[in-house]
Amino acid sequence: MGAQETYRAMAEQYDAWQIALGGEFAKLIAPRLDRVLATRRILGGRLLDLGCGTGSLLARFKGRGWTLAGLDGSPEMLAVAKQKLGAQANLILGRIESLPLRKRWDVITCFYDTLNHLTDRNALAAAFREVSRLLAPRGVFVLDTNNRRCYQTLWRS
């Protein structure tokens, strides 16, 4: 099996893999994100998910009046996301450090420890500059990361 076929197979099995490891992350994070947005009184608008993968989080917001977009570096993951979302979201192949977008966003999310993949300090700084450039004046950036304490706590065994 070549690299392309391997990536395609991984993307197609990604959601099942998450469920097998304890649950779909989007199902766990969406209610928490809803609470953050409600606190900020952001009940609709434009939502951009960085590192969107197979589009599971975006799928939880479709049909709720949001303008949705997702960015990922994997064409294979975006192909799976396209199957879930159809025309409900603009799916973009790209890198967080140089976002190929101009419009402002009310909500930008970056979950699944996506920022942990930017191990170079300059790349991480560029990603934050890009988010700052695209975030609407009263917008919110919601993210997660892992750190040493998290790994020591969760992966002790």
Anything in segment 120-150 that is among the hydrophobic types (A, V, I, L, M, F, W, C), within 12 Å of Gly51 (Cβ to Cβ) and open to solvent by 30 Å² or more (accessible area, probe 1.4 Å)? List them, or say none. Leu143
Tally of residues being modelled with pLDDT of 95 or more and of a type in the set (Phe, Trp, Tyr) across segment 20-74: 2
State which residue is nearest to Asp15 (Cα to Cα) when the search covers only segment 74-106 and only residues that are among the acidic types (Asp, Glu) and in contact with a helix residue (DSSP H, G or I) (Cβ under 6 Å, 6 or more places away or on another chain). Glu76
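The values are calculated or read from the model by the stated rules, or taken from the named source; none is laboratory data. Bear in mind the structure is a predicted one, so any value in this text is a computation, not a measurement. FYI the Cβ positions are ideal-geometry reconstructions off the backbone, even for glycines, and counts take in every protein chain you see. SASA here: full protein model, heavy atoms, side chains in, ligands and nucleic acids out. Shrake-Rupley method; radii C 1.70, N 1.55, O 1.52, S 1.80 Å.
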